[in-house]
Each structure stands twice: as structure tokens, then as C-alpha cells.
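Comments concern the structure below.
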Amino acid sequence: MKGFMKRWILSCMAFMWVSVICGQNKFVVSGYVTDSKSGEELIGAAVSIQEIPAAGVYTNEYGFYSLSVPQGKLTIAVSLIGYEYLSVPVDITKSVKLNLDLTQKITRLGEVTVSSEKRNDNVTRNQMGIDKLNIQEIKNLPSFFGEKDVLKTLQLLPGIKSAGEGNSGFNVRGGTTDQNLILLDGATVYNPSHLMGFFSVFNPDAIKDVTMYKGSLPAEFGGRLSSVLDIRMDDGNNKKIEASGGIGLISSRLTVGGPLRKERGSFIVSARRTYADLIVRGLARAGVLNDTTLRDPKLYFYDLNAKANYRFTEKDRVFLSGYFGRDVLGLPDFGFDWGNSTATVRWNHLFNDKLFLNTSLIFNNFTYTISNGSTVDPINIVSKIRDFSVRQDYQYSSGHNNQVRFGFESTWHRMVPGTITGADTNTVFKSLPVSNSVESSVYFSHTLNLTQHLNINYGLRISEFSLLGDAPFFIYSSYNYADSAKSIVDSTRKVISYIRPEPRFSVNYVFNDRNSVKASYTRNVQYLHLLSNSTTGSPTDMWIPSSYNTLPEISDQYAFGYYRNFASNNWEFSAEVYYKSLFQQVDYINGAILNFNSNVESQLLYGKGRAYGLELLLKKKYGRFSGWIGYTLSRTERRFEDINRGAWYPARQDRTHDVSVVAIYEFPRKWTFSSTWVYNTGNAVTFPKGVYVIDNRPVLLYTDRNGNRMPAYHRLDISVTKQFTERKNYRSSLTFSLYNAYSHDNAWTITFRQNDKTGQIEAVQTTLFKLVPSVSYDFRF
Amino acid sequence: MKSLTRIFFLAGVPLILSVSCQKVIDIGVFNSAPQLVAEGTITDQQGPCIVKLTKTIDIDNFAGIPSVTGADVEISDSAGVKETLTEAGNGIYISNTILGIPGHKYKLMINSGGQLYSAVSVMPHPVTDFRLGIKKEVAGTSGGSPGTGGEPYQYRVSYAITDPGEYENYYRLVIFHNNMEISSRRVFDDKFHNGKVIEDDFVLHDTLNFRPGDLIEIDLQNIDRDIYNFFRTLRMATGGLSFLSASPANPLSNITNGGLGYFSACSVIKKHLTIPG
């Protein structure tokens, strides 16, 4: 193991110092785009030259841009949602550094003249299948129990569907919930949910930018089939100290940020803690809950985000960020807690005005512990997934029509599926074998403006996955029973490795500044698989690496889209169609044992899938009134030899229609009204078709997997926010929300039981949440 | 599983308690072709071996379960013993002579209307050490449900089995209250206890109240792996968190040709307890 680690580190380091040669034949304007008030770098701001409409770039994840320009008098323009449009005249006689400050749009009263410049990035941007969420957008929308939630807001966009009532898990274009790569400042978050999925781990106060890629991944991303959700933490104000926070029904939040040294560096610390246990305790004491074990429970979650950055020179900047969150559940005879921690060190380096490098060292750890709560005979079961990653991303701009990105990434995964400590003498529970694996990739992509109308992006990612020794590995014959384990490999070196090329291609034809079409092909590969057979997901769901039996999952996505902006880019419309083929998908044999099973792979079945659909989005981005209407028509199917006699059948997450309507109306500085309405066809589900009797008691008879449908789901949420008058820099607001405002009985589960009186079997629908009112108070100073 | 239920309950409590609700709904008419269901047991105890044959019925028409009459039912032993069972009405077929011997393999053959079904089960050796205890306690002290009918007490049965270490063992407990069967689906294995003492306890549940002096019989069946899997998956399909399963399925049957149910060859140890005063 040690020898291997050394080689891994050495080869990673060798890669880092790849020498880069680049010429310089035009002048370059480059720099950072920042928020004028807080000094924070702004991601995805469109920087363009008014005199040359085709030349335009976006600031990268660190707010940096680089633009090739000819000599002469030019006007540099910058635009970004939520900020005032900025144009700066420059006289170019040499390459210059130009940092641009944007002012946040507070009052919308004066917004009469709407500039059409570069607000059409949805049309001109080569990337398709991308959704960006502005954090303010998230904060303005109605929320569940007053908790603003990034993941739930995303579920309002076409192609992104909720995994269930109140659930923060999501399905992208027919993918399963484990096929989403969720990154927090580059670190993988394996379990993004709190409290059995009702809340996500992302505290919106600590988040700056959210970008979702629906399958058409840029070459720098990989490792999951369906999507990448790239979440960036806030950097903090580098001009003055400020604090913000909120008090809600079930949690409170506090965030403090400020300069480390004025305009050179800043920090931010944000914390959130729920007090659900206080509520349970109250209910138990009041006698509402008659289970005496609930009188003194521990039940809460908390999140802690921290980040600091410092600019050492004009060309070097270092970021440190970390997240730590935990759910704690404790009863007198039972304890269960789980959580993620991540840490990221990033170094931005500017070689020259054309070449930008980011180097990241990333650590993340997901753990859960189950204990018997005993102080005399303590037993603990611990499970962990720990990653160490290193990656480098180079961005090279040569001329306004060429952008090259390349880099590499390598991650060491260590998975501890279950270790037991302190077992009593009557137990022979063996800890499950630990697996070590390394996932590496190199990538290259090139965006090229061929003509003023046509730009293409082509890229290749080559990924490699090696499963390492230490543990015994089994090979199961095609019929997948533990007994069929054919051979055992027990080795301390590389056991098996897979190399998979992942080509990426996209083309964008811009008819004019309001109309474009785009097409793309993407192959994605996934080497880690989540085993979960429940509809809600659980922290104890197990991740397994690719092995002899479980091959890397592969998806090929073809997508085509039409984009159209109206009314001076105030309205945008898009229509995308996609077709996706999936290979080496995982399902389970009937009666599968997935927990604490050292032969867990014997419980798996392998098959393929297909998903296709149409996504329409009409969005009003600017003005007092904003919002969108999204519609998805889709189908998701799977095919396994041993399920439904080998016929195609609908996947659980298959939903034919999915509609969401979002509307926000703002009276500047006073009131904000918002509402969301969602409608979707019910999930595919397996209902019993018949009944029989064993031991004089009824047993339900199932015939076809997913042969039925849950009833359609629809719900209206509304919220009203009152902004109080600002006093000595202290701003505050009060928000009332109604979840499921017309109290519709949405089916969470449908179960079958025997009626005591008639003896007949009846279907019982359980609704989780009818009308749920909530209130929260937010402040900032 | 109980713990998981509790996690779910607890985690959901503040959210769900005041807001969740249930109602009976109509989900339409479902039809399914009738399938054969067999429940057969052969033991090493005196008394007839019983095989019960019934059919499945549409879910919206669960009145009387149709029994299968006129079938040929035969049980054979790996040692060559063979017996055709006699039909006793209501789909019940009984043997006269055959007696199970631990270690032997038994085969059930059914011919119903020209359709042939079979099942094989190997009778495990009985364990030698099986001990029981019972105590009366105030209901609801450690997570159990309160006694039925307002009864403030409940009865907790504890058991200990010395598990043989040399092979895998699977167990099933069948519980009788005054000779009425009240529980038959409690199964467990020795995965975490191979070769050690397996100790556990449970609260007796019955729709009738227990009175001091009532007779409790507990049969420890040593079952084979297929039967363990049948009852394990039966429990997955009928109890606990089954409603959260993404792919509910029929219990794993050892009957061939699409038959449902089970045929078990098991050795039995019977123990008795009296409800304390």
C-alpha cells in the first residue's frame, strides 16, 4: 500500500509541472470581475467588446477573464444577472490588466432602458444542458419549513426531478440519485441530505454560485453519468466585516465574513443548527407521543462552512475552504450519527494574461456510526468513504476565438463499508473488507469560434480506475449467488483496472443575437455505485467500487436544443431534446441483502437503460416580475434479463409530464411575493395484483416490476417577504411561507392492508405534508 | 429493522406528526392468473405431515381463498421412502406413515390438473441446547408496545440457543398460546453468532389477553436456508419498512414451476412456559 501511495503521489506531481509553451501575438485584456461592495469575485459574468460583438468570454470559477483584443479605442462591457451593466472605454496600446467592479442592483425603479448587450449568454454560450442558479433567486422562493434549499430549488427546473415528497435527492434526465456528482468547492459530497432527505446539507448563506450540468458535461468533469452540480462557497467581504443570519421554525443560522487584510483577502464562517429534538422532547413530555423512549432524544443536525482566501501577489491567490456537517440521533438504547466533512486548498496562479492555472488538493469524508448506546458494553459500527484528490486545471485563451482547457485529476478512494468495535463475546460479526481504489483522469477541451455564427467545442477525457488489493475479491458466475463465487483473489497490488475514453463534442450555431441551435454528444463513465433499495434513501446506503463483477457504468447522451430570446433579452426560451443510452446499470435480486453483506455483489443484477425527453423553459429574468415555466416530457426505461422476463420496463423515476411554474414579484425594498406550482405524473411503482394466504394470513402477490403509477403530484407554495427599513446598516426581513397551500393530498406511499371489518384488501394512501405554514426572520449588518 | 423504523419515525416526527394523514383510496381493478400456493412441512416429530394447497386470487376480491382439490401429492425421502398423501378436504393433504429424519433430503411432488410442481428441502440436525425464560413487566418500559386491551403488563420471553459452529444454522420460532398458534414468522440465522450462544428476547403479542397459568409452547425449528429465505423475504414483504422498498417482490419460494409458498423439512424442539402470576 505504501509503495503504491508513493507512486501515486509522484506521478501526480510529475503532471503538475508539465511545461506550457505559449506565444503572444495580440494584445490581451485580463483581470477579475468583482462585486463592488464585498469585493467578491463573480463567476460567469459576460465580458465583451462592444465594437466586436462576436468576441466575448465568461469569467471562470474564480472570477477571472482573459480577452484577446486588437489595438485601438474599445469599450469593454460586463453583464451579470443581479448586477448593473458596466461598460468601460479603454485605449489598447499594450496588454493590460483590467479588474472590473460590478454594482449589485438594489432598486429596480430606474430600470427603464434595458441594454441588450450580452444578456443573451444562454443563446451564445456553447455549453448546453446547463442551469445556473442565482443565490438570490433561491432566497426569494417559498421554502419548506422556512429552510431555503439549493437542491429543492433546482428541482423546479426542467429535467431535474425530485426523488420524492420533501426529498432533497434528485433525478436528472432519468438518472438515479447516485448518478449526480455533487461538488462543494470541488470536494465530492457523497450524501447531500440531512434528516432522512428532508433538508440538504448546503446552507444557502454560505453559498455563492450553483451550476448544474445536465449530462452534457464539460471535459473537466466526470465520474457520474447524469449530472454535475458544482456548488461554490461564498468568499466573504474583503472590504468590511459583515454578519447575517436567520431564525426559523426548525433551525437558526449565523454567518460572519470580512477582510483578512483589506482588499487582499477575506474569510467567511457560517453555521446552522436545527432544534428538532426540542420539538420532539416537547411533544413527548406533553404526552402527544406515547413512546417513553422519546422523552429524552437527541435529534439534530448542524453545518459549519468556513472559507478564507488571500491574494499573495497579483498572480497568486490561495483559497482554503471546509465544510463539516453532522446529523445526530440518540435514544437510550440506540445511537446513529452521520455526516460529511470536506476540505479544499486551492491555488490560482496566473502564468501570464493568457494562461490561468488552478491547483486543488481536496479531502472529503463521509461517515456514519451506529451504536447501542451502552456505556457498559458499547458496540459501534462505523462506515466511511474517504477521498484524497489532487487536480490541476489549465485555461489558455489564445485570441478571442480559441479557448483551451486541460488538466488532470486523481482521487484515492478508501471505502470502509462496516467496521465493528467492542462487540460482545457472543458475536462473531466480522468487519467487512475495506476497499481502496484510485480514479484518475486527464482531459483536454478546445472551444473554437469557426465563424461569427458557428462555434464548436471538442474534448476528450480519459479516465482510469484501479481497484487495489488488501481485501479478498470474489467473482460470481452469471447467476449471482454467493455460492457461485468462482475464485478469490487476495492481493496487495492492483487487482483490476479499467480505462475508458470519454469523448465530448458540442456545436453552437448562432443565427443572430437572439436565436441559436446547439447540439452535443457526451459519453460519461461512472466507477462508483450506490446500493440502495428504498424509495427514500438512507445514510446506510453503501457505495461500492467497480470490480470484477460490477463494471463501470456508461452513458451516451445526444442532445439538441433551440434557444430564443425575446423582448430585449428579458425573456428567454429554450427547447432541448435528449436521448441517453445507459449500460451496466445496477439493480438487485428479489430479497436482496444489501447491508453488512460481505457478498453484496452476489445480490446485484446488471442491465441497461434508455432515457429520452423534451425540455421546454420560458423564463423572465429581469424586472420586478420574474420567474419561469418549465415543462418536461420524458421516458426512462430499464432492461434486465432477470426482471420482467427481460422486457423493457419503466424505471421508478420515469415520469411522463413534469411542469413547474415559478413567479416572483418584487416591490423594491418593501415586499416580495413569490409562488411555485409543480405538477408531475406519478412515479412508476409496483402494486400487488393478487393475494394469497400463508399461515392464515394474507400475502400480496406481485407480478410485474413498476407496472403501476402513483397518482399525479401537484402542489402550490407561496411566500411573502417583508423587508424592514434599513437602520444604521441593519437590514432585516420577515418571511411567511405556505407549503402545499391548497393542502392537496399528495401520495407519498400507497400500501395495502386487510380491512378489519370486511376482510377485504384495501389500498391506503399516506400523505406526508398537507398545508405547512412557516415563518423565518433574516438579518444582515 | 426495528431500529431503522425508529430512526425513520424519529427523524420524521417533527415534520410528519401533525401533518401526515392516511386515507383509503380506489386504485382500480387488478386481475391476475391464479397461481398454486403450497404450505408443506415435514418434521422429525410424531404426527402427520401436512401439505395445504390453495390458489391466489385477485386483490380486489379477497373473500374465500380457493383451495386446490383433487391434486396428487407425494413426499419422498432421499433414503427411498415414498408416500402419497391423502386428501382431507379444504385443500389439505396429510400423510399416514412418513416420519422425517434429520440429514435426509425430502422432495414434494404435486400434480394439480396436469401441472407439475416440486420442492426439495433438507432436514437440518436439531440443536441440543435451547433454553427459555419468561418475565412479567410493566408495558412500555423498553420500547415494546403497551399490552393489549388496556392490560398494563406484558410478558417478555427470552431464549438462548447454543449454536453449532461447524455449519450455517437457520432457525424459526413458532409460538402457541393455549395450543393456538399466535406467531410463526420469527426467523433468524447464525451469521453474527456462529458457534456462540444466540440470546434474544421478545414481547408476547396476542389478540387475547394472557392470564396467569396460560400455557405457552415455543417450537424451535431448525430450518434449511431456502426456508429461512422464504420467511425472511415474507417478513420483508409484509412488515416493517416494506412500504419504502423500491421493488417489492414475492417471498422467495422453493416451489418450482411458478408455485408460491414453501415446503420445509425441519427438526423441532418443543419447550413450554407458563404465564407467571
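Below is a table of values for the structure above.
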{"quantity": "For a label point 7 Å along the Cα-to-beta-carbon line of B:E181, residues of the range B:35-49 with backbone N under 19 Å", "calculated": "B:36-49"}
{"quantity": "Label-to-label distance, nm, for residues given as A:Y498 and A:E464 (7 Å Cα→Cβ offset)", "calculated": "1.6"}
{"quantity": "The range A:312-394, relative contact order [Cα under 8 Å, separation at least 6], %", "calculated": "27"}
{"quantity": "Whole-Hz couplings from phi, Karplus 6.51/-1.76/1.60, listed for the range A:195-210; x for Gly and Pro", "calculated": "6, 6, x, 6, 9, 9, 7, 8, 6, x, 5, 9, 10, 10, 8, 10"}
{"quantity": "Estimated vicinal HN-Hα couplings, Hz - the range A:746-753 in sequence order (Karplus 6.51, -1.76, 1.60; Gly, Pro = x)", "calculated": "7, 7, 8, 9, 10, 10, 10, 8"}
{"quantity": "Between helix A:2-16 and chain A: long-axis angle, C-alpha atoms, 0 to 90°, nearest 10", "calculated": "20"}
{"quantity": "Mean ellipticity per residue at 222 nm, deg cm²/dmol - from DSSP H runs of n ≥ 4 across the protein assembly as shown, formula -39500 (n - 2.57)", "calculated": "-2000 deg cm²/dmol"}
{"quantity": "Amide H contacts of B:H125 (H built 1.01 Å from N, under 5 Å, at least 5 apart or other chain)", "calculated": "B:G103"}
{"quantity": "Tilt relative to chain A, helix A:276-285 - C-alpha long axis, 0 to 90 degrees, to 10", "calculated": "40"}
{"quantity": "Whether the protein assembly as shown is rounded, prolate or oblate, judged on the alpha carbon gyration tensor where a/c under 1.5 counts as rounded", "calculated": "prolate"}
{"quantity": "Using a Förster distance of 35 Å, the FRET efficiency for A:N134-A:D91 (Cβ separation, nearest 0.05)", "calculated": "0.55"}
{"quantity": "Two-site label geometry, A:D642 and B:Y167: point separation in nm, points 7 Å out along Cα→Cβ", "calculated": "2.5"}
{"quantity": "Under-5 Å amide H pairs with A:G690, H placed in peptide plane, nonlocal only", "calculated": "A:L701, B:I59"}
{"quantity": "Full-stretch length increase - A:L448, A:K722 - with 0.36 nm per residue and alpha-carbon distance subtracted", "calculated": "93.9 nm"}
{"quantity": "Relative contact order %, chain A, counting alpha carbon pairs below 8 Å whose residues are six or more apart", "calculated": "10"}
{"quantity": "Pairs beyond 24 Å (Cα-Cα), from A:K214/A:K770; A:K240/A:K619; A:K757/B:K52; A:K37/A:K315", "calculated": "A:K214/A:K770; A:K240/A:K619; A:K757/B:K52"}
{"quantity": "Within straight-line cross-link reach of A:K307, aspartates and glutamates at Cα separation under 12 Å, skipping those fewer than 8 residues along the same chain", "calculated": "A:D185, A:D234, A:D235"}
{"quantity": "Residues in the range A:700-724 that a label on A:Y679 would reach, taking backbone N under 13 Å of a point 7 Å out along Cα→Cβ", "calculated": "A:712-716"}
{"quantity": "Under-5 Å amide H pairs with B:D200, H placed in peptide plane, nonlocal only", "calculated": "B:Y159"}
{"quantity": "Sequence-separation-based contact order of the range B:36-122, relative, with Cα cut under 8 Å and 6+ spacing, percent", "calculated": "28"}
{"quantity": "Lysines with Cα under 29 Å of B:K135, excluding same-chain neighbours fewer than 8 positions away", "calculated": "B:K2, B:K191, B:K196, B:K270, B:K271"}
{"quantity": "Virtual spin-label span in nm between A:E84 and A:N729, 7 Å along Cα→Cβ", "calculated": "2.1"}
{"quantity": "The range B:88-116 residues near the modelled B:T238 label - backbone nitrogen below 16 Å, point 7 Å along Cα→Cβ", "calculated": "none"}
{"quantity": "In Hz, Karplus ³J(HN,Hα) per residue of the range A:655-664 (6.51, -1.76, 1.60; θ = phi - 60°; x = Gly, Pro)", "calculated": "9, 5, 10, 8, 10, 9, 10, 10, 9, 10"}
{"quantity": "Extension gain, B:I25 back to B:H104 (0.36 nm per residue minus Cα-Cα distance, nm)", "calculated": "23.5 nm"}
{"quantity": "Linear extension gain, B:V197 paired with B:T84, 0.36 nm per residue minus alpha-carbon span", "calculated": "36.7 nm"}
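Just so you know, all these numbers are worked out from the coordinates, no wet-lab data involved. Bear in mind the structure is a predicted one, so any value in this text is a computation, not a measurement. Glycine gets a Cβ as well: all are built from the backbone with ideal geometry, and neighbour counts include every protein chain shown.
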